[in-house]
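Take a look at the structure below.
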């Protein structure tokens, strides 16, 4: 039982029968018997929050626990950002961003490059780029493709002391059991690559990328899978 549940158990106790018609909220004389049912309903909602996961799979803090802890910081003069969006902008500098590229509704091509970036209609199917072309001000695209730049992500792996040492694990962690493969370094393709490109293989910090894109769905609301070469 969490601390918040225990607190609710203490606060939600209201006698069912008050034979002496005395106040039930202490010595201040507040008569709350008329609000008993309403109060119970409110506490039932709090009990739900006290047992509700903050997010799916969260087993260490409930929704009500988080709200109670968050109020600790809501003191006079607090300097927290006003919204979650503002918090994300704060950490944007140390995070790994992405490039948003407007896409055609039927995946004909992308609104990028000198030929397409300023178009309002698809040059193939003549579909509008925007959800509402008549909206004043900034328009909302029908579809957006997000490009995650790979070079900054590889650089980040070497900037962190926790992951930099793992980047050369393949040079020291080869499987010692014959016939078993615990890493691509134990496979035939890796060994053939080392034989063909000796200079590259000598430096364990060199990064090898494997591309596999068969059977994935780039847009979750579509049924058809996309099959690409490896």
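Nothing in this text is a laboratory measurement; each read-out follows from the coordinates by a stated rule. This one's a predicted model, so the numbers in the text were calculated from it and none came from an experiment. Here the Cβ positions follow ideal geometry from the backbone for every residue, glycine too, while neighbour counts run over all protein chains shown.
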- Extension gain from residue 199 to residue 164, taking 0.36 nm per residue of separation minus the Cα-Cα distance: 10.5 nm
- Item | For region 72-107 and region 127-193, distance of Cα centres in Å | 22 Å
- Rounded to a whole number, what is D in µm²/s for region 88-172 from Stokes-Einstein with the Kirkwood radius over alpha-carbon pairs (37 °C, 0.692 mPa s)? 206 µm²/s
- Query: Expressed in nm to one decimal, what extension gain is obtained for the pair residue 130 and residue 171 from 0.36 nm per residue of sequence separation less their Cα-Cα distance?
  - Reply: 9.7 nm
- Apply 1/(1 + (r/R0)^6) to the Cβ-Cβ distance of residue 106 and residue 148, taking R0 = 22 Å, and write down the FRET efficiency to the nearest 0.05. 0.40
- Task: Scale the Cα Rg of region 99-147 by the rule-of-thumb value 2.2 N^0.38 Å and send over the ratio, two decimals.
- Result: 1.05
- Query: Which order do peptides 188-195, 77-84 fall in by mean Cβ count within 10 Å, highest first?
  - Reply: 188-195, 77-84
